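Student: Let me begin by handing over the structure; questions about it come next.
Computed from the coordinates by the stated procedures, all read-outs in this text should not be read as laboratory data. Every value quoted in this text rests on a predicted model; they were computed, and no experiment measured them. Here the Cβ positions follow ideal geometry from the backbone for every residue, glycine too, while neighbour counts run over all protein chains shown.
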Amino acid sequence: MGKVFTGFGYWDVGAWIIFFVVAAFYVLWLRYQGRSDYKKGTEQDEIYWSGNETPEDGDGLTVPASSAYWGFRKALEPFYDRLVGMHTGIATDILGFYILVTAFMAAIILFV
Amino acid sequence: MIKLEKYMEVFPKSLWVTTCNSGSCNGCDIEIVATISPRYDIERFGMKLVGTPRHADVLIVTGPVTKFMTKKLLRIYNQMPDPKAVVCVGNCGASGDVFYKSYNLDGPVDRIIPVDVYVHGCPPRPEAIIEGVAKAVLKLESLRGEHQKVGEGQ
C-alpha cells in the first residue's frame, strides 16, 4: 500500500512523509535559533533594501530574467530566434517535440 | 526577555558590524576594507562585517550625510536590532569637514542619528577604526547592563 515499483526501485509515500517531517523539524529548529526580540511592526521588522523603502509591488523586488540574461540572450540571438520561430504555442506541437527529442536521446543511449 | 538576555551573554565574544556610506569620497571606506583585509584583520577580535543592518550590532557611518542619504541612513539605523552603537568614521561624518557649508548636506551624522564614537582622520588609519569599534563595545556593554536591569525589574 502506497508503494509504486518502477522496475529500478520503489517510490514509497510513507518514506516521503517521514522525510518531510524530519526536514520540517530541522527547518523549524533552525528558525527557532534566530532572534525573536525584534520590535514587531517597526522598521526592524522590514526587509533590508539598501536603505530604501521596501517596494510594495513585487515587480520592484525582482530582476526579470530578460535583464539578468541580457548579454547571454544577445550572444545566442541566432539560436534563440530559431527556437522562437519553431515555437507555435500549441500543446500537441510541444509534446511532439518532446517525444522526438526523447526518442533521439533513447536512440543515442541504446545504439551508440 | 529571556531570549534577549541569552544573546546578550554571548555578545562580548563577537561583534557584527555594518557600514553605510552617506556620501563619502570612498577614502574612509577603503580604510574600512583595509581593516577587514588580512593585514589588519578585525576578525581576529571576533568582529565581522555583515551585509545587512538587521544582523549588525555596530553601524559604521562614513561621509557627511548628503540630502539624498538622510532617510536611507535613518532607515538603516532603525533596522538594526537593539542594543546598537554607531561609529562615525572620518572627519566628514564628524563635522562635515571641507563640505561643512555645502547646500547639499543634512549632516554631520549626529544631526540624523545618535553617534557613540567618533574616529577622526581624513581618512583615519585602520588602527584608529579598530580602536573606535572597540570603544563601541564598551558602549554596548553598558547597554547590556541596562537591559539586564530592566529584565530584573520585570
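Student: Sort out for me the Cα centre separation of the range B:56-85 from the range A:2-51, rounded to whole Å.
Tutor: If we compute the Cα centre of each part, the gap is 33 Å.
Student: Taking a 22 Å limit on the Cα-Cα distance, which of the listed pairs B:Lys101/B:Lys139; B:Lys48/B:Lys139; A:Lys40/B:Lys48; A:Lys39/B:Lys71; B:Lys67/B:Lys135 fall beyond it?
Tutor: On the way: B:Lys101/B:Lys139 31 Å; B:Lys48/B:Lys139 18 Å; A:Lys40/B:Lys48 26 Å; A:Lys39/B:Lys71 20 Å; B:Lys67/B:Lys135 29 Å.
From B:Lys101/B:Lys139; B:Lys48/B:Lys139; A:Lys40/B:Lys48; A:Lys39/B:Lys71; B:Lys67/B:Lys135, over 22 Å: B:Lys101/B:Lys139; A:Lys40/B:Lys48; B:Lys67/B:Lys135.
Student: From the Cα gyration tensor of chain A, with a ≥ b ≥ c the square roots of its eigenvalues, which class applies: rounded if a/c is under 1.5, or else prolate if a/b is larger than b/c, or else oblate?
Tutor: Working: a/c = 3.30, a/b = 1.27, b/c = 2.59.
Oblate, since a/c reaches 1.5 and b/c is not below a/b.
Student: Could you pull out which residues in the range B:89-127 have an amide N less than 15 Å from a spot 7 Å beyond the Cα of B:Phe68, following the Cα-Cβ vector?
Tutor: Answer for the range B:89-127: B:103-107.
Student: Tell me, what HN-Hα J-couplings in whole Hz come from the Karplus equation 6.51 cos²θ - 1.76 cosθ + 1.60 at θ = phi - 60° for each residue of the range B:102-117, using x for Gly and Pro?
Tutor: Ordered by residue, 3J(HN,Hα) equals 5, 5, 9, 10, 9, x, x, 4, 6, 7, 9, 9, x, 9, 9, 9 Hz.
Student: With a Förster radius of 45 Å, plug the Cβ-Cβ distance of B:Thr52 and A:Phe111 into 1/(1 + (r/R0)^6) and report the FRET value to the nearest 0.05. Before the final figure, lay out the partial values.
Tutor: Numbers: r = 55 Å, r/R0 = 1.22.
Rounded to the nearest 0.05, the efficiency is 0.25.
Student: Right, next: Quick one: length gained pulling B:Ala34 to B:Ser102 fully straight, 0.36 nm per residue minus the C-alpha distance?
Tutor: 21.6 nm
Student: What list of ³J(HN,Hα) values in whole Hz, one per residue of the range B:85-90 in order, does the Karplus curve 6.51 cos²θ - 1.76 cosθ + 1.60 (θ = phi - 60°) give from phi, with Gly and Pro shown as x?
Tutor: 9, 10, 10, 9, 9, x
Student: Can you list the residues, at least 5 places off or on another chain, whose amide H is less than 5 Å from the amide H of B:Met47, using H built in the peptide plane?
Tutor: The list, which skips near neighbours in sequence, is B:Leu15.
Student: In addition: Figure the gain on full extension for A:Leu95 and A:Thr6 (residue separation times 0.36 nm, minus the Cα-Cα span) and round it to one decimal in nm.
Tutor: 29.7 nm
Student: If R0 is 41 Å, what FRET efficiency do you get for A:Arg82 and A:Asp57 from their C-beta distance, rounded to 0.05? The partial results should precede the final answer.
Tutor: Numbers: r = 35 Å, r/R0 = 0.86.
Here the calculated transfer efficiency is 0.70.
Student: In percent, how large is the relative contact order of chain B, given Cα pairs closer than 8 Å and 6 or more residues apart?
Tutor: 25
Student: Here is a follow-up. Residue by residue through the range B:58-64, what is 3J(HN,Hα) from phi via Karplus (6.51 cos²θ - 1.76 cosθ + 1.60, θ = phi - 60°)? Round to whole Hz and write x for glycine and proline.
Tutor: Computed from phi, the couplings for the range B:58-64 are 10, 10, 9, 10, 10, x, x Hz.
Student: Using a basic spin-label model with each label point 7 Å from the Cα along Cα→Cβ, how many nm lie between A:Phe25 and B:Glu127?
Tutor: 5.5
Student: Taking trypsin sites (Lys or Arg not before Pro) as candidate sites, keep only those in a DSSP loop with at most 16 other Cβ atoms within 10 Å, then name the longest stretch of chain A containing none of them.
Tutor: A:41-112
Student: Using the beta-carbon distance between B:His120 and B:Trp16 and R0 = 30 Å, what value does 1/(1 + (r/R0)^6) give for FRET efficiency, to the nearest 0.05?
Tutor: The pair B:His120/B:Trp16 has a calculated efficiency of 0.80.
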